[in-house]
Amino acid sequence: MKGTNLGEFEELVLLTVAALLEEAYSVAICDELSAHTGRTVKLGVVHAVLNRLEEKGLLKSELGEATKARGGKRKRFYQLTAAGKAALVHAKSLRDQLWDRIPSLVWKKI
Amino acid sequence: MKEQPQPPAWAQRFVAWYCKPSLVEDLLGDLNEYFERNVQALGPRRAKLIYIIDALKFFRIYTVRKPTLANLFINRIMLGSYIKTSGRNVMRNKLFSSINIVGLAISMSVGLLLIAFLLDLRSYDRFNQQGERIYRITNVATFKGEQGSGKYASTSLKTGRLIREKVTGVEEVAILRNDFSQDAQVGDRALPLKGFWAEPSVFRIFTFPMLEGNPETALRDPYSIVLTETAARKLFGHESALGRAIKLDTLDYQVTGIMKDLPFFSHIQFEALVSLSTAEQLNRHDQNFEKWTSMFSNSVYLLLPPTADLPAIQSQLDALAREENRAEENTKIQLELLPLYDIVVGENLHSGSMSGSVGPHVPPLVLWLLGGLALVVILSACFNYTNLSIARGMRRFKEVGLRKAIGAEKSQVRYQFLVEAILLSLAALFLSFFLFLLLRPQLIHLAPEIQRMVKLDLTPTMVVAFVVFSVAVGIMAGLVPALFFSNASAIQALKNESARNRTGGPAVPRASWSVQGLRYLTLRATAPTQRLGRRALAVIQYTFTLIFITTTAIGYVQYKNILAFDLGFNTENILNIPMQGHKPDALLKELSEIPEVTGLSRSLIITSVGNAWGGYMKYQDSQDSALVMTNHVDENYLPLHGYQLLAGGNFVTRPTTADGAREVIVNQQFLKRFNISPRDPQKAIGQEVTFSNFKVHGRRMTIVGVMKDFHYGKVDNLIGPVAFMPWTPEDPAIINAKIKSTDLPATLAKIESTWKKIDQVHPFEAEFYDEAIEAAYREFSVLIKIIGFLSFLAISIASMGLFGMVVFTTETRLKEIVIRKVMGASSGSLIYLLSRGFLVLLAVAALIALPVTYLFFENVVLTHFPYHRPVQLVELLFGLLAVVVVAGLIIGSQTLKAARTNPTEVLRGE
């Protein structure tokens, strides 16, 4: 069902939001992702994903304080919701389960 | 932190327009943040481009406002259909489509020129990376004896010094002293160099990239000079110029830097910068050099920090000015800050400098005026579209009815007709772009000032602006037809179509009240009582056309009057040769040997073309001083120019020093001002006056002659007190040579070759007096040419519209015409029948336009010219006549064509 399964990029974004704590807003997320994945992450893509995740209820957001930078425009800070956290945990456990299913012997042969 | 250039405002607005309100703020914020980052990394130009691309890329389903979403979806499907029907309609009515396209194209070409012009003006000084923080000091000076205060683009050296020492919250101060103009000599190569005396800080304020040399130290030491690339190449060829010596006058200067050539769009233009410390050394004995009131040859530029507190700085400037004014008797000066970007398009300032203007300048009023005129022409073409498509559109009611019957909404019909208009205007854009390319050189070469001011080169921004403009024109043209058709109800539209078939006459849909209302606006008329109301658009169109043409006619006549104006002295065949610093004696001797030169004189300045020289004079009352305009002339000047002396005679003495000049010849106004027996000039002879200006203090002079009033200033100035003093060899000279020749070019060549004997470096700069006068009023001639061109366009567009309507009327009324003819009506009466309506319309337009133009000229324009000739009836009626003739030709030819058709051809089917 839509909303329960996370795409790869969605998962990355969610994780970054969680990792950035209070500083999780679009540009910071974009930079963090670029730094960690080593690929250029477009702002437009991150923006779209953040929006979708919020629609799915995995993220919630609120506008921060206005500052002089950004032409006086406020930042939108994202936070994980309980559902978001659950989705991440679910994704991780799903992976862990799958990892566990690979016998180490087989693994070494590849 | 450095302040950054702003992202393009229209892109921001675009995002704000399409984006959901809930998302817009942080989205714009993100874009801004990226923009700021890109400015650092890639420079403002790339950053702006990326911003625009990103702004477009964010146009996604989830960001776009919801309500438009559904419509957009349907509209996108329907768009194809609209384009198809529009295309068919355009092809079906070839004549009307071409009238519309050509009319729109012609009018839009004016818009394109204006847009290109505006964009060029807007790009001035934008190359400065810190441009938004740069300000120039404006001096608001009140001189004793003059009314009111004048704003000057220049200020004193002292202002710059004081601001640097005392005013807090200013990052950098740079003084540019603008009277540097000397001949540079390198080996045997000589070249006149123009530029500024400048301080090292100029490189910290402006973005003037240095190619060679150190910008920090290049202008530090005396006798240092920084050349632009071009100047360096001219002087040194391809050799390296850095560190080489240049001889200016008798002094050696060292080239300490080569900088990149200035961008075209910089209000500051120079070939070289010389360290200001040089000027200080050269002028160290001049007490006036650093005076608070020596404010005519320096510009002071400030760089303020990004967090500048403008009111605080202004109040510090006020305090500073107050302190300095305390010691001054005759002059009060206030200081103001002028942002760099408001210099070219902004308030009118006196240039102040003796060496000419500080740079290009266009007052916003002129731009608004041009914009208004262009808008009128464009509106005229839009009216054509509106008129023709509504008139023709009676035939499209069936289509609209059908669309509505199968479920089209009002907004969709509206949208369809707008799309059609926009398509047409885009097609017109294509055509008008070629017109733009054709007209561009014409506009640029209209005057040398325009040539120096704009390039009108195509830029990406310009192309985008063109397309946006064209869409806007399309919407403007299509709005009324769109509203008209969308309000028609399906039943009525379809019913009417059959009604039309029955009667065979033109369809008159009784669609709804608003259609009725709109029909009042259109040219087509059915009931005679409502005829005038319905022709409102055409009346407006013709009113403006008439105003244009009449304005051109009046303006032209007045301009010719100004040129032929009796200035009070003779200017015919007088060649003025500025000596450019040389002593005139050698050339005078040479010239006197040329037989075609019948008279020679010397003067300090040329009057009546806007130049001025002067000082303060006092008569017996030591408290009463008045500003008197002066010229220094030799004893031959008055007879050569045919000045009329009322009393006394010419100068008797031939002083050799400036201080020896003790005689003065004054005009009538002078006598009136000081009340020295204005009734009997004879008694004024021998009276003593004292004269002071920035060089002379309290020199006693005797009146030896009184001349009749003449126009010292341009003809828009009132005649004031004027005094002529003897020219002395200490003055710069202009030689006035009276020429009598049957072969002018040969004579001029002869004179030029004598000039070459004296000066090999500077080109010969002579100009005939009459030409100088013409040049002094060139702004008027340019304005008249522009308005004349616009009125030509206006009359063409209005005529095309009329042509379209006449063709349509004769087509629909062909049967009526033919039946009348069968019944025995003459061609003349038929023409009368068809043109009667138009004549009424034209009469109304003329009744509005002519008095408006007349009053406008008499009460607004010509009040600036105290000596003008009143507007004549001929000029007023000229425009009307032109319109009537053109319209008569159109109506006559079409009606005759209809009247000449063989009745059997038309009525055969009945």
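The values are calculated or read from the model by the stated rules, or taken from the named source; none is laboratory data. The structure presented is a predicted model; accordingly, all values stated were derived computationally and were not measured. Cβ placement follows ideal geometry from the backbone for every residue including glycine, while neighbour counts extend to all protein chains displayed. These accessible areas exclude ligands, DNA and RNA; they are computed on the full protein's heavy atoms, side chains included. Shrake-Rupley method; radii C 1.70, N 1.55, O 1.52, S 1.80 Å.
Quick notes on this one:
- Sulfur and carbon atoms: percent of accessible area, the protein assembly as shown [1.4 Å]: 59 percent
- With all protein chains modelled, accessible area of residue B:18 [1.4 Å, Å²]: 10 Å²
- Low-density loop cleavage sites - GluC sites (Glu not before Pro) in the stretch B:710-784, where at most 16 other Cβ are within 10 Å (DSSP): B:730, B:765
- Using the 1.4 Å probe convention, the accessible area of the stretch B:1-64 works out to 53 Å² per residue with neighbouring protein chains retained.
- Angle between chain B longest axis and helix B:460-486 axis [Cα atoms, degrees, rounded to 10]: 40 degrees
- Tail beyond 26 Å, pair distance distribution of the stretch B:271-399 (Cα, percent): 54 percent
- Partner shielding of A:72-81 amounts to 3, given as the average count of beta-carbon atoms from other chains within 10 Å of each residue beta-carbon.
- Where B meets A: accessible area buried, both sides, 1.4 Å probe, Å²: 1800 Å²
- Projected-area mean, the protein assembly as shown, by convex hull of Cα positions, square nanometres: 60.5 nm²
- Among the protein heavy atoms, those of residue B:235 account for about 0 Å² of accessible surface (1.4 Å probe, every chain in place).
- Chain B: antiparallel DSSP beta bridges as a percent of all, rounded to 5: 80 percent
- Pairs from B:194/B:589; B:618/B:683; B:672/B:714; B:94/B:815 whose Cα-Cα separation, in the structure shown, is over 25 Å: B:194/B:589
- Principal axis dimensions, the stretch B:1-64 - Cα atoms, whole angstrom, descending: 33, 20, 16
- For the stretch B:80-143, the set of trypsin sites (Lys or Arg not before Pro) satisfying both a DSSP loop assignment and a count of at most 14 other C-beta atoms within 10 Å is empty.
- In the context of the full set of protein chains, residues of chain A present 63 Å² of accessible surface per residue (probe radius 1.4 Å, heavy atoms only).
- The figure for residue A:99 is an accessible area of roughly 140 square angstrom, using a 1.4 Å probe on the protein chains alone.
- The value given for the stretch B:131-359 is a Kirkwood hydrodynamic radius of 18.3 Å, derived from the mean inverse Cα-Cα separation.
- Here the contact order of chain B, divided by its residue count and restricted to Cα pairs under 8 Å and six or more residues apart, works out to 12 percent.
- Volume of the Cα convex hull of chain B, divided per residue and given in Å³: 224 Å³
- Cβ-based net charge around residue A:78, under 11 Å, with every Lys or Arg adding one and every Asp or Glu removing one: -2
- Chain-alone versus full-assembly comparison, the stretch A:24-62, residues with accessible loss of at least 50 Å² (1.4 Å probe): A:27, A:43, A:47, A:51
- Proximal aspartates and glutamates relative to residue B:583, as straight alpha-carbon distance under 12 Å, when same-chain residues fewer than 8 apart are discounted: B:730, B:731, B:759
- Each residue of the stretch B:418-428 was assigned a 3J(HN,Hα) from its phi angle through the Karplus expression (A = 6.51, B = -1.76, C = 1.60, θ = phi - 60°), giving 5, 4, 4, 5, 5, 4, 5, 6, 5, 4, 5 Hz with x at Gly and Pro.
- Between the stretch B:811-886 and the stretch B:102-170, the C-alpha centres lie 45 angstrom from each other.
- Global form of the stretch B:695-814, assessed from the alpha-carbon gyration tensor, a/c cut-off 1.5: prolate
- Summing Cβ point charges (Lys, Arg +1; Asp, Glu -1) relative to the Cα centre of chain B gives a dipole of roughly 5860 debye.
- Neighbours of residue B:764, meaning other residues whose beta-carbon lies under 12 angstrom from its beta-carbon, give a summed charge of -1 when Lys and Arg score +1 and Asp and Glu score -1.
- Against the criterion of solvent-accessible heavy-atom surface with a 1.4 angstrom probe, B:867, B:832 sort, most first, into B:832, B:867.
- Angle in degrees between helix A:8-20 and the longest Cα principal axis of chain A, rounded to the nearest 10: 60 degrees
- Taking all protein chains together and a 1.4 Å probe, the residues B:292, B:368, B:613 rank B:368, B:613, B:292 from largest to smallest accessible area.
- Pairs of lysine residues in the stretch A:8-109 - Cα separation under 30 Å, sequence separation of 8 or more or cross-chain: 21
- B:884, B:871, ranked by accessible area, largest first (probe 1.4 Å): B:884, B:871
- Inter-centroid distance (Cα atoms) of the stretch B:367-402 relative to the stretch B:284-332, Å: 55 Å
- Length gained on full extension, residue B:307 to residue B:16: 102.1 nm, using 0.36 nm per residue less the C-alpha separation.
- For the stretch B:552-587 and the stretch B:449-469, distance of Cα centres in Å: 36 Å
- For the stretch B:215-297, the set of trypsin sites (Lys or Arg not before Pro) satisfying both a DSSP loop assignment and a count of at most 13 other C-beta atoms within 10 Å is given as B:260, B:284.
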